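Novice: Take a look at the following structure, please.
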Amino acid sequence: KLCEDFESGTVGGFPTGWTALNGYGADSMRGVGLATDQFHSGAMALKSSSMTPGQQRAQRSLSALGATATKHWGRIFYKVVSPSPRPASGAVIHVTLAALQGTTENRIVDTVEQSNGTHQWLFNIPDDSCGTGSSYNWSFDSAWHCAEWYVDVSAQAYRFFSDGTEVTQIGFTGRSGARMSSYTSLGVGAIFYQMPPSPFTIW
């Protein structure tokens, strides 16, 4: 229904068919755009690189998907700069990689990194009233990885897989607090909520 290889567009700009998804920060264009320095296949990838919390992402309309927008499987391939920036002892860096936009944002590929470099996966919404978090069993490295999700708005259901393995700790069914809704767009590109010690770069 929707396949994006990020091969169409101008380096530094948005991919063809994508628009700005403004964050809550003050700047309008904070390091999200097409790049050729890393790519999973082809010659380009969407790159986010910033030290400003609340930065801008790219979004793609889901209006052409019909019912698929509210019930689907999705996946992204991603790579994080190595070594990844780490928070100070006792602190965390919360980074969202992909989110579905509706009446509220459903963060479907979402991480929290600890100072020792391990991170968890979570499902989250902006006001933190509904969140499910896994154990801190993962670490960012220099490899490309695959994150997959399943959403069903009618069932208020969510599932998540990391490199083909289901992270059952964060899945749910019948959870009205998740506030799943008729999604209008998919937002891709890193947005984080604490300032990292160096640019947090993700492709």
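The values are calculated or read from the model by the stated rules, or taken from the named source; none is laboratory data. Just so it is clear, the structure is predicted and the values come from calculations on it, not from any experiment. Note that each Cβ is placed from the backbone with ideal geometry, even for glycine, and that neighbours are counted across all protein chains shown. For the accessible areas, the whole protein counts, side chains as well, though only heavy atoms, and no ligand, DNA or RNA atoms are used. Shrake-Rupley method; radii C 1.70, N 1.55, O 1.52, S 1.80 Å.
Novice: Which one of Met180, Trp144, Tyr193 has its Cα pushed farthest toward the positive end of the charge dipole of the chain, where Lys and Arg give +1 and Asp and Glu give -1 at the Cβ?
Specialist: With unit charges placed on the Cβ atoms, the residue in question is Met180.
Novice: Also, quick follow-up: ³J(HN,Hα) across segment 8-18 via Karplus (A = 6.51, B = -1.76, C = 1.60, θ = phi - 60°), whole Hz, x for Gly/Pro?
Specialist: Each residue of segment 8-18 in turn: 10, x, 9, 3, x, x, 7, x, 4, x, 10 Hz.
Novice: Assign unit charges at the C-beta atoms only (+1 for Lys and Arg, -1 for Asp and Glu), then state the dipole size of the chain relative to its Cα centre in Debye, rounded to the nearest 20.
Specialist: I would put it at about 240 debye.
Novice: Also, I was wondering about something else. Can you send over the solvent-accessible area of Met180, 1.4 Å probe, protein chains only, in Å² to the nearest 10?
Specialist: Ignoring ligands and nucleic acids, Met180 comes out at about 20 Å².
Novice: Please give the per residue accessible area of segment 42-178, computed with a probe of 1.4 Å over protein heavy atoms only, in Å².
Specialist: 40 Å²
Novice: Let me ask another. At most 16 other C-beta atoms within 10 Å and a DSSP loop state: those are the exposed GluC sites (Glu not before Pro) I care about. Give me the longest piece of the chain that has none.
Specialist: 8-203
Novice: Which percent of the accessible area of segment 143-203 is formed by carbon and sulfur heavy atoms (probe 1.4 angstrom)?
Specialist: That fraction is 53 percent.
Novice: Okay, moving on. In whole Hz, what ³J(HN,Hα) sequence does segment 100-115 give by Karplus (6.51, -1.76, 1.60; θ = phi - 60°), x for Gly and Pro?
Specialist: Running phi through 6.51 cos²θ - 1.76 cosθ + 1.60 with θ = phi - 60° gives 9, 9, x, 5, 9, 7, 9, 7, 9, 10, 9, 9, 10, 9, 8, 5 Hz.
Novice: With an 8 Å Cα cut-off and a minimum separation of 6 or more residues, compute the relative contact order for the chain in percent.
Specialist: 26 percent
Novice: Next question, about the same structure. Hey, any idea what % of segment 1-118's accessible area is carbon plus sulfur with a 1.4 Å probe?
Specialist: After summing per-atom areas, the C and S share lands at 51 percent.
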